[in-house]
1. Give segment 682-732 a look and list any residue that's of a type outside the set (Asp, Glu), surrounded by fewer than 18 Cβ atoms within 10 Å (Cβ to Cβ) and under 17 Å from residue 609 (Cα atoms), or say none.
2. Please name all residue pairs, on different chains or six or more residues apart, with Cβ atoms under 9 Å, provided the first residue is in segment 706-732 and is under 19 Å from residue 63 (Cβ atoms) and the second residue is assigned to a loop (DSSP other than H, G, I, E, B) and hydrophobic (A, V, I, L, M, F, W, C).
3. Regarding residue 293, is this residue more than 19 Å from residue 325 (Cα to Cα), in contact with a Leu (Cβ under 8 Å, 6 or more places away or on another chain) and in contact (Cβ under 8 Å) with a residue 60 or more places away in the chain?
4. Residue under question is residue 443, and the condition is that it be in contact with a Cys (Cβ under 6 Å, 6 or more places away or on another chain), in contact (Cβ under 8 Å) with a residue 40 or more places away in the chain and over 25 Å from residue 509 (Cα atoms); does it hold?
5. For residue 285, all conditions in the list (1) touching a strand residue (DSSP E or B) at 6+ places or on another chain (Cβ under 6 Å); (2) at pLDDT 95 or above; (3) in a loop (DSSP other than H, G, I, E, B); (4) over 21 Å from residue 352 (Cα atoms) hold save one; what is the number of the exception?
6. Show me the helices (runs of 4 or more DSSP H) entirely contained within segment 304-395 in which 1 or more residues are over 20 Å from the mean Cα position of the chain (by Cα) and crowded, with 19+ Cβ neighbours inside 10 Å.
7. I need every pair where a residue in segment 509-534 that is free of Cβ contacts under 8 Å to residues at least 40 places away in the same chain has its Cβ under 8 Å from the Cβ of a residue that is surrounded by 24 or more Cβ atoms within 10 Å (Cβ to Cβ) and not in a strand (DSSP E or B), sequence separation at least 6 or different chains.
8. When the residues of segment 444-477 are narrowed to those that are charged (D, E, K, R) and more than 30 Å from residue 88 (Cα to Cα), which ends up surrounded by the most Cβ atoms within 10 Å (Cβ to Cβ)?
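The values are calculated or read from the model by the stated rules, or taken from the named source; none is laboratory data. The structure presented is a predicted model; accordingly, all values stated were derived computationally and were not measured. Backbone-built Cβ (ideal geometry, glycine too); neighbour counts: all protein chains shown.
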Amino acid sequence: MDKVYKHQDVEKKWYELWEKRGYFTPKVEPKKKPFCIIMPPPNANGSLHIGHAMFLTIEDIMIRYHRMLGDSTLWLPGADHAGILTQVVFERKLEKEEGKTRYDLGRDEFFRRCMEFTLSNKKIMENQMRAIGASCDWNRTSFTLDPKFNKPINMTFKKLYADGLLYRAKRMINWCPRCSTALSDLEVIYKEQKDPLYYIRYGPFVLATVRPETKFGDTAVAVHPKDKRYQRWIDKEFEFETLIGKAKMKVIGDDAVDPKFGTGVVKVTPAHDPVDFEMGQRHGLETKRVIDFDGKLNDKCGKYKNLNVYKARKIVAEDMQIQGLLEKVDENYTHSVAICERCKTIIEPMVSLQWFVKAKPLAEKAIRAVKNEEIKIIPKRFIKNYLIWMENIRDWCISRQLWWGHRLPVWFCGTKNLSELQLTMNPSLPKSNGCGEIVVSVNPPNSCPKCQNKNLIQDPDTLDTWFSSGQWPFTTLDFGQSNSKLTDFNYFYPTSVMETGYEILFFWVARMVMLGIYMTGKIPFEVVYLHGLVRDAFGEKMSKSKGNVIDPLNIIERYGADSLRMALIFGTSTGRDVKLGESKIEAMRNFGNKLWNIGRFIKINIDKFKEQNIKIREFNTKSDRKKLSAENKKILSQLGMLTQGVTREIENYNFAASAERLYKFIWHTFADKYIESVKEKLRQNDDETLSVTIYTYSSCLKLLHPFMPFITEEINFSLTRRDKPLISSHWS
């Protein structure tokens with residue numbers, strides 16, 4: 001063994017050997033209960049980051065442990081096409097490098113180029129996963145936009161439609177003007193910001209608003225029905241002056257009005273505010289859209305037509321001031337603003353014709369699965385969050401006005417059922433007459449079942465990426481693809497563990513539970529293990545602007561994958577954010593060096609015994625234990641407690657506790673105490689002591705292998721020169 005452990009010479013060599021020999025591919029043994037993890041697919045639009053290294057490490061620990069237990073162990077890898085995020089990233093790349101938009105390319109060419117970009121990133125990511133040591137079955141690798149997933153995903157869509165759980169309707173949605181698509185509630189985040197609060201005159205009233213530019217779409221003013229200041233006005237109409245002429249407006253009473261906000265009177269714009277939309281529905285108000293999907297005012301706004309929202313806000317306020325319709329302005333009003341999670345553009349609420357899933361019926365079974373502990377959530381504190389969200393779930397908008405994603409399996413007979421938005425955003429759609437029939441089909445239909453028209457138009461919208469990835473646990477296992485009894489789905493489903501970040505418990509995990517139970521009649525996984533975010537050494541969120549981002553590939557190059565893996569696990573708490581700095585990674589590198597030096601010391605003694613033709617007996621714990629010295633009995637007893645403790649902690653998903661037990665035992669109990677105390681005996685060629693030392697150390701290598709696979713494999717081979725690597729050995 002070299003004096004210094006050189007991870008650069010070791011890690012790639014061992015990974016290639018493991019993969020070449022097929023250690024990552026499980027044997028399907030029908031009588032044996034399998035262990036299966038379906039990898040949360042990283043977005044294939046860039047390199048892996050430190051958060052990916054975190055989940056890969058945790059999952060690889062579980063996989064290697066269960067493989068060493070002798071379980072039929074499958075870790076199925078994959079990548080996510082990531083819908084809107086990938087389209088945003090690729091469009092920016094296209095604009096920067098070629099000065100083009102997606103419309104310059106056209107839909108088919110844009111999709112082809114985007115696929116090329118994504119699959120290239122996918123390949124890079126897979127090699128990065130190999131560098132981290134992820135022992136997944138590359139024979140089964142998946143991609144969320146793989147054509148083979150079209151059928152099962154379309155089957156889900158059609159079944160929801162047939163069961164009355166999927167409908168198309170005009171409803172208030174979150175619209176991103178930058179991405180030009182509808183978003184679900186979960187794809188919207190909120191930030192606090194200061195904006196002017198304008199107090200404007202509406203005839204006899206003064207009311208406060210941050211959005212004077214939407215006044216052209218107002219169809220009522222509202223007060224709280226118990227507000228004594230305004231009760232006499234409820235259900236009455238008044239005439240008032242506007243920037244584009246005189247208008248009439250009705251006063252309504254509604255409990256949604258906060259009497260303490262502004263003057264207690266609010267304008268109602270049903271087409272551009274979610275709360276106002278609900279009020280409009282309750283009171284039968286007109287929904288008057290005055291902002292188009294490009295974020296500009298339309299022809300209902302008179303001379304303000306074609307101004308974008310922000311410019312219009314300023315000009316409208318100035319003109320109201322001139323006309324005497326602006327009472328005052330509060331410049332320090334702080335409020336919460338909805339923004340697109342992907343591109344950070346402020347959301348424009350819109351009423352639009354979209355496809356929605358009735359989520360509540362799906363959520364009911366998903367709630368029961370957790371309450372009945374069919375699915376266990378770790379840590380348990382997240383169960384409350386899950387139940388609160390699921391019990392208050394709203395219908396889910398699943399249609400997106402994107403070009404990158406699974407197309408909706410919907411065909412129209414003629415163009416009359418296409419929405420105004422679809423026709424505007426897809427000018428190349430063929431203009432055709434037809435009976436108006438809407439056909440939902442798993443495969444493209446040959447003709448309209450009602451009028452036999454063969455020129456059907458496919459819905460140009462794509463599915464929300466969470467709809468397709470919400471089916472990941474069963475589509476990756478080829479659900480519905482074969483009638484054979486011995487399929488991956490029949491053997492590995494339900495899967496064992498879904499390990500992912502707590503921040504996507506609602507985005508993804510809840511949707512997998514709902515859709516998994518709905519389509520298969522079974523839970524998709526038995527355990528949900530949630531890890532925290534990786535932060536810097538001071539607990540700050542990592543960002544390029546702060547200069548505190550840790551690149552896992554750079555760290556692996558400098559310190560080795562084992563050091564990074566151990567640093568990500570050591571000293572953490574399940575489900576809590578992880579603090580990671582270079583000093584912690586260095587400390588784990590030092591631990592690896594200590595492990596290596598122990599191995600070198602033992603190897604030197606083995607070589608010395610061989611040179612002197614002293615046979616080193618194979619230690620047998622049962623027959624030899626009674627004859628041992630007190631010192632050797634003690635270390636073996638401590639080893640037994642270590643094995644039990646590490647096994648128990650891994651079974652209970654306390655990976656940090658397992659790592660800490662191993663660190664403490666190897667460095668302090670074994671190296672600092674035991675080895676130091678027996679050095680003299682080894683000098684005197686005590687074969688019993690060397691036998692116990694080798695046995696204890698070899699056992700530690702096995703226990704440590706799931707955490708630090710490369711160095712343990714290299715040391716084990718250096719000591720034994722056996723062809724059988726640790727990855728294929730038994731746990732204890």
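1. 683, 684, 685, 718, 720, 721
2. 707/570; 727/24
3. Details: more than 19 Å from residue 325 (Cα to Cα): yes; in contact with a Leu (Cβ under 8 Å, 6 or more places away or on another chain): yes; in contact (Cβ under 8 Å) with a residue 60 or more places away in the chain: yes.
Considered against the rule, which asks whether it is more than 19 Å from residue 325 (Cα to Cα), in contact with a Leu (Cβ under 8 Å, 6 or more places away or on another chain) and in contact (Cβ under 8 Å) with a residue 60 or more places away in the chain, residue 293 comes out as yes.
4. Details: in contact with a Cys (Cβ under 6 Å, 6 or more places away or on another chain): no; in contact (Cβ under 8 Å) with a residue 40 or more places away in the chain: yes; over 25 Å from residue 509 (Cα atoms): yes.
The answer is no for residue 443.
5. With (1) touching a strand residue (DSSP E or B) at 6+ places or on another chain (Cβ under 6 Å); (2) at pLDDT 95 or above; (3) in a loop (DSSP other than H, G, I, E, B); (4) over 21 Å from residue 352 (Cα atoms) applied to residue 285, the lone miss is (4).
6. Working: elements: 309-323, 359-371, 381-391.
Here the list reads 309-323, 359-371.
7. 522/516
8. The initial filter retains those residues of segment 444-477 that are charged (D, E, K, R), namely 450, 454, 459, 461, 464.
Next, only the ones that are more than 30 Å from residue 88 (Cα to Cα) stay: 450, 454.
Values: 450: 13, 454: 9.
Ranking the candidates gives 450 first.
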